[in-house]
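Below: the structure, in structure tokens.
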Amino acid sequence: MITIKSKNIDFYYFSGTGNTFLVVNKMKEVFQGKGYSVELKPIEKHDASAVNTKNTIGLAFPVAVFSTYNLVWDFIRNLPEVNGTEIFMVDTLAGYSGGIVGPLRTIVEKKGYTPIGAREIIMPGNIFFIAKDKENDKKVRKGLKHAKKYAKALIKGKAKWGKVAILPDIMNVVSRGGLWLTGVNLHQKYLKFKVKESKCSKCGLCVDLCPVSNIKMEEYLVTGNECEYCMRCVSFCPKKAIPCVFNYKGKTYSAVKARKLLKDD
Ligand SMILES: Cc1cc2nc3c(=O)[nH]c(=O)nc-3n(C[C@H](O)[C@H](O)[C@H](O)COP(=O)(O)O)c2cc1C
């Protein structure tokens with residue numbers, strides 16, 4: 001029994017270091033195997049107001065500080081009002097999301113979407129303590145199994161998008177506004193990434209990768225005030241020239257090669 005109404009799925013996603021990218025690709029594989037046409041669309045390269053409301057919409061993003069990134073929230077807030085377009089979401093996280101699922105459901109329902117499924121998938125952490133490669137590989141394999149199951153559940157109409165009624169109000173506020181990342185923005189003021197000039201080869205990869213064009217090539221690379229802390233520049237720098245104070249022993253994590261995140265699909 002196939003229950004997603006539209007055979008076309010536009011899957012909008014943001015991925016800082018590749019975990020979410022792997023998840024959406026796995027889900028795409030399952031959908032395509034069942035005859036769906038799926039387009040993967042990076043959120044940072046698409047205008048939410050221009051989504052095709054005849055297609056099923058998928059949303060995928062990483063959890064960041066019990067919320068998600070500004071650019072993801074902006075995209076969601078700018079989605080057009082519709083009359084029943086089906087929508088599903090998936091987020092990836094290292095362990096605890098706070099409670100993004102409930103508030104997001106409220107937002108999309110208010111816009112007229114029919115929520116058909118939400119799932120949170122544990123993947124390796126990409127900040128603070130970075131685990132050993134072997135451990136991370138195991139987590140990725142497990143996460144992708146869950147992604148596969150979730151896509152199958154969506155197809156069968158068995159996925160759910162719960163309300164998470166027990167969410168404390170405070171978490172709700174954090175999830176909506178992103179207290180630290182999107183509200184107060186302390187990280188943009190006091191914890192700005194600084195390029196180590198002695199290490200930087202000026203290859204410009206970080207400029208191309210930054211989803212909010214916050215890195216500019218001047219005499220040396222300079223970062224502006226729009227950083228989302230997605231870790232792309234830190235994790236993919238081939239010279240490890242962009243340190244993050246939170247990364248224990250300077251270790252970094254990425255799940256894919258940088259070029260995968262530069263492509264349109
Ligand atoms: C700034 C920042 C904040 C994060 N906050 C959380 C969090 O609150 N809870 C959690 O479980 N994981 C958190 N993580 C981990 C990521 O959600 C997780 O590693 C995710 O799978 C990364 O996806 P990506 O590779 O697609 O960017 C955070 C990561 C970053 C960079």
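Below, the figures for the structure above:
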| item | result |
| --- | --- |
| Residue-span extension gain [R77 to S49] - 0.36 nm each, minus C-alpha spacing | 9.1 nm |
| Accessible surface of the chain, 1.4 Å probe, proportion on carbon and sulfur as whole % | 53 |
| Nearby lysines by direct alpha-carbon distance to K199 (threshold 19 angstrom, same-chain neighbours under 8 apart not counted) | K216, K239, K240, K249, K251 |
| Accessible area in square angstrom per residue, the range 67-169, 1.4 angstrom probe | 51 |
| Integer Hz, Karplus 6.51/-1.76/1.60 couplings in order for the range 216-232, x for Gly and Pro | 10, 8, 10, 4, 10, 5, 10, 9, x, 10, 9, 4, 9, 6, 7, 6, 4 |
| Cα centroid of the range 226-265 to Cα centroid of the range 1-77, whole Å | 21 |
| For the range 132-141, 3J(HN,Hα) per residue [Karplus equation, 6.51 cos²θ - 1.76 cosθ + 1.60, θ = phi - 60°, Hz, x = Gly/Pro] | 5, 3, 4, 5, 5, 4, 5, 5, 4, 4 |
| Karplus-derived 3J(HN,Hα), 6.51/-1.76/1.60, for each residue of the range 46-59, Hz, glycine and proline x | 10, 9, 4, 5, 9, 5, 7, 6, 7, 8, 6, 9, x, 10 |
| Heavy-atom SASA rank of S37, S15, S198 (probe 1.4 Å, accessible area, largest first) | S198, S37, S15 |
| Per-residue SASA entry for D47, accessible area with 1.4 Å probe, Å² rounded to 10 | 90 |
| About the Cα centre, charge dipole magnitude for the chain (Lys/Arg +1, Asp/Glu -1 at Cβ), debye | 1120 |
| Solvent-accessible surface (1.4 angstrom probe) belonging to K28, in square angstrom, nearest 10 | 40 |
| Under-5 Å amide H pairs with A60, H placed in peptide plane, nonlocal only | Y12, Y13, F14, V90 |
| Set of lysines near K148 by C-alpha distance (under 21 Å), chain-local residues within fewer than 8 positions excluded | K5, K7, K26, K28, K34, K41, K138, K139, K156, K158, K160, K260 |
| Antiparallel content of DSSP bridges confined to the range 8-177, in %, to 5 | 5 |
| Heavy-atom accessible area order for L205, L261, largest first, 1.4 Å probe | L205, L261 |
| Tensor-based shape of the range 208-265 (alpha-carbon gyration tensor, a/c under 1.5 rounded, otherwise prolate or oblate) | oblate |
| The chain: relative contact order in percent, alpha carbon pairs under 8 Å with at least 6 residues between | 23 |
| Most positive-pole-ward Cα, A255, V108, V90, against dipole of the chain from beta carbon charges | A255 |
| The range 43-96: GluC sites (Glu not before Pro) in DSSP coil with no more than 12 other Cβ atoms inside 10 Å | E81 |
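The values are calculated or read from the model by the stated rules, or taken from the named source; none is laboratory data. Quick caveat, the model's predicted, so the values are computed rather than measured. Neighbour counts are summed over all protein chains in view; Cβ atoms, including those assigned to glycine, are modelled from backbone coordinates with ideal geometry. When the accessible area is computed, the model is the full protein with side chains, heavy atoms only, and any ligands, DNA or RNA have been set aside. Shrake-Rupley method; radii C 1.70, N 1.55, O 1.52, S 1.80 Å.
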